[in-house]
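Structure, as structure tokens:
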Amino acid sequence: MKTRLKLEGFLFTLFIGAVMAGALWVARPWPIRASIGILVLGSLGVLLAVWQLVLELRRKNGALERSPLESPVAEAENKWGNVEIWSWIVGFYLLIVLIGFMITVPIFVLAYSKFYGARWALSIMLSAIAWGFVYGVFEKILHVPWPTPLLQSLF
Amino acid sequence: MLEAALEGLSQILTPDSLGLMCLGVLLGSIVGFLPGIGGPSTLAIMLPFVMTMKDPFAAIALLVGFDAVGNTASAFTSVLISVPGSSGSQATVLDGYPLAKQGQAMRALSASFVASLVGGLIGPIVLLASLPFLRPLVLSFGSPEFFVLTLWGVTMVGVLSGNVPLKGLLAGILGIFISAVGADDKSGIERFTFDAAYLVEGIDLVIVALGIFAIPECIDLAARKTAVAETQELGHGFLEGAKDVFRHWWLTLRASAIGIWVGFLPGLGSSVADWFAYAHALQTEKNRENFGKGDIRGVIASEASNNSKEAGDYIPTLAFGIPGGTSTALILTALIAVGINPGPEMLTTQLSFTFAVIWTLTISNIIAVAICLLFIKPISRMCFMPFYSLVPLILVFVFIGAFASNRTSLDLVALLAFSLLGFMMRRHGWPRSPLVLGMVLGDKMENYLWLSYGRFGFEWLARPGVMILFALLLLSLCYPMLQDRMNRQTQAKLPPVNR
């Protein structure tokens, strides 16, 4: 687990370094006024990322240096780790795209709360509150123009 | 002057004006509570209605009442569920949420509301006292001075990075790059847009803040499978929080002063004030090891500054007709429409209007804090809701907030991307605050730099204001190091038993 975390940390730093290098590459042909800041900071960023990568490589397993402003992360106890909650988040987004906000919100709240053991009465009440909030504030008061759901535009 | 003050007060306390002020405060509190619904967009909706008003005092009561309290109620969501309700309460999350997790939500909220009140009361007093003196000062500020100020803000990245400076600097640079996305005003070219129309306008700070702060905390809550609070107590924090503000009165005053200063300088915006004040607290306070883990001083600094900033905003708006931000620009439009002419006349023939603004700022802050304190206990109970009730509601709240900010579906894709970035940063110990600070200040710093160079060449470096600000910047960087050194020397002199 600790080795995996270390590898993940290394890959994440590599990704940040790649973003810095990519920004440098993209900014090359721009006029000086638009690019100078990116070129200076990007070069510095690449150097810092390389330095950070070296630190990540030399770091012992489990000895993660954390900013004092960031509290430690809770590790998910099930075998899927955080994949489970990410699936819910991405699923929520996909449902919004497919069937729209107004239908997705009560379905999602009901499904999530029921899946993790809430009583039916509580799940239904939470769904009704969430739907009422979205409908009342965003639909009726603010007249938010919702995006057309994919299913509706297909059929 | 006393006559004008009394006239302003009597006009604001008429039943119509008072009723409209209460309506404004209520709307402002609701908007502050809901992430993604910005104050400016609600003000824009209100404008057509306000412009038809016959009574300028009623217009002041409604608009200023609404604007003054936007950052007060936003502490509820920042503290309880780690979702910044408004851009001015992002830094509140850093210590407010850990306090809620420790079962001290009541203390954190009470401290934040009392600090908001103090900041909200100091602001109008300074507004009143400063009007005659600040005109020459604000007129002497040009783009070079603003550049040094934004540079000063960016140096706070170091303060917010703690013992991982490399990660903090990289996060800050990433934030500056994110702020560069979109059409560039100086050269007319599109930067990092990759021919995507969505990116031409740039990336909204609301999306980044929700993705970086709210979703990773929500994931943490889902992983822990418990309530937000790790204990079963709300704590006896109601009075304790209020006492905290007065115990740290010097910090409260300093944070309020920072808020007023940021508000007074046009263009810096509400999202800067709380970060400046938070970083200042982190830089100057003793025993800093608990910052980020639930230090009440972090909450106080952030909340005192974001409320006092509102009064600071009105100094250039009223005295010179230069709006300090988007909200005051809209209010200025409405004030002109109802027959008020912001500018030097506000200090002479229209002084009663200036006092009406000052009274409204004062009274609306008191009303807003009273409302928030009234609901503090029932709303704090949110901390004890089981994760399966809270997680889906937070996700709904965040997704709707992200969509409502620009009303485009692609905002949700951006939200997912920044959520993943925030999650990875949190997981691997990267500080997230420098990224937001870099984003807030990045484009401002670049614009001021080019404006300075375009107008003065390199001569701007020799301007007295620039040199004074550079000296203050260096002093602020060196002060914590000197303080640490002095502390170490004092510790070394103590006998071992007292250490």
With Kirkwood's inverse mean 1/r over C-alpha pairs for Rh, give me the Rg to Rh ratio of chain B, two decimals please. 0.96
Counting only other chains, what is the mean number of Cβ atoms within 10 angstrom of the Cβ of each residue in peptide A:85-93? 6
In the structure displayed, which of B:101/B:377; A:6/B:167; A:114/A:140; A:6/A:60 lie more than 19 Å apart, Cα to Cα? A:114/A:140
Can you give the angle from 0 to 90° between the axis of helix A:83-99 and the longest principal axis of chain A, with both taken from C-alpha atoms, to the nearest 10? 60
Estimate the FRET efficiency between residue A:140 and residue B:239 by the formula 1/(1 + (r/R0)^6), using the beta-carbon distance for r and 45 Å for R0, to the nearest 0.05. 0.70
Surrounding charge for residue B:330, neighbours by C-beta under 14 angstrom, Lys/Arg +1, Asp/Glu -1, total -3
Non-local residues with an amide H under 5 Å from the amide H of residue B:190, with H modelled 1.01 Å from N and Pro and chain starts lacking one, are B:184
Kindly express, to the nearest 10 degrees and within the range 0 to 90, the angle between helix A:120-133's C-alpha long axis and the longest C-alpha principal axis of chain A. 70
Per DSSP, loop trypsin sites (Lys or Arg not before Pro) in region B:366-430 with at most 16 further Cβ within 10 Å: B:407
Mean shadow area of chain A, taken as a quarter of the surface of its Cα convex hull (nm²): 15.5
Summarise the partner chain shielding of B:391-404 as one whole number: the mean count of Cβ atoms from other chains within 10 Å of each residue's Cβ. 6
For chain B, calculate the relative contact order in percent as a whole number, restricting contacts to Cα pairs under 8 Å that are 6 or more residues apart. 29
Explain nothing, just the number: relative contact order of region A:2-58, from Cα pairs under 8 Å at least 6 residues apart, as a whole percent. 47
Checking understanding here: applying a Kyte-Doolittle mean of at least 0.0 and a length along the axis of at least 18 Å (C-alpha), which whole DSSP H helices in chain B pass? B:15-33, B:105-140, B:143-161, B:165-180, B:249-264, B:270-284, B:351-380, B:387-406, B:410-427, B:433-456, B:464-493
Quick one: pull the percent of accessible area on the protein assembly as shown belonging to carbon and sulfur, 1.4 Å probe, ligands and nucleic acids left out. 70
Please compute the alpha carbon radius of gyration of the protein assembly as shown, then divide it by the globular-protein estimate 2.2 N^0.38 Å. Two decimals is fine. 0.95
Provide the per residue accessible area, probe 1.4 Å, for chain B, rounded to a whole number of square angstrom. 36
From DSSP H assignment alone, runs of 4+ in chain B each adding -39500 (n - 2.57), the sum over residues rounded to the nearest 500 puts [θ] at 222 nm at -24500 deg cm²/dmol
Peptide ranges B:452-461, B:247-256, A:18-27 listed from the most packed, as the mean C-beta count within 10 angstrom indicates: B:247-256, A:18-27, B:452-461
Minimum 40 Å² accessible area buried by the other protein chains, region A:38-57 residues, probe 1.4 Å, relative to alone: A:38, A:41, A:48, A:52
Let me check against my output: what whole-number percent is the relative contact order of chain A, with C-alpha pairs under 8 Å and at least 6 apart? 19
Counting protein heavy atoms only and a 1.4 angstrom probe, how many square angstrom of accessible surface do chains A and B bury in total, to the nearest 100? 6600
Could you calculate the FRET efficiency of residue B:377 with residue B:289 from 1/(1 + (r/R0)^6), where r is the beta carbon distance between them and R0 is 25 Å, rounded to 0.05? 0.25
With the 1.4 Å probe rolled over protein heavy atoms, region A:2-58 has an accessible area per residue in Å² of 57
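The values are calculated or read from the model by the stated rules, or taken from the named source; none is laboratory data. These figures come from a predicted structure and were not determined experimentally. So basically every Cβ, Gly included, is an ideal-geometry build from the backbone, and we count neighbours across all protein chains shown. When the accessible area is computed, the model is the full protein with side chains, heavy atoms only, and any ligands, DNA or RNA have been set aside. Shrake-Rupley method; radii C 1.70, N 1.55, O 1.52, S 1.80 Å.
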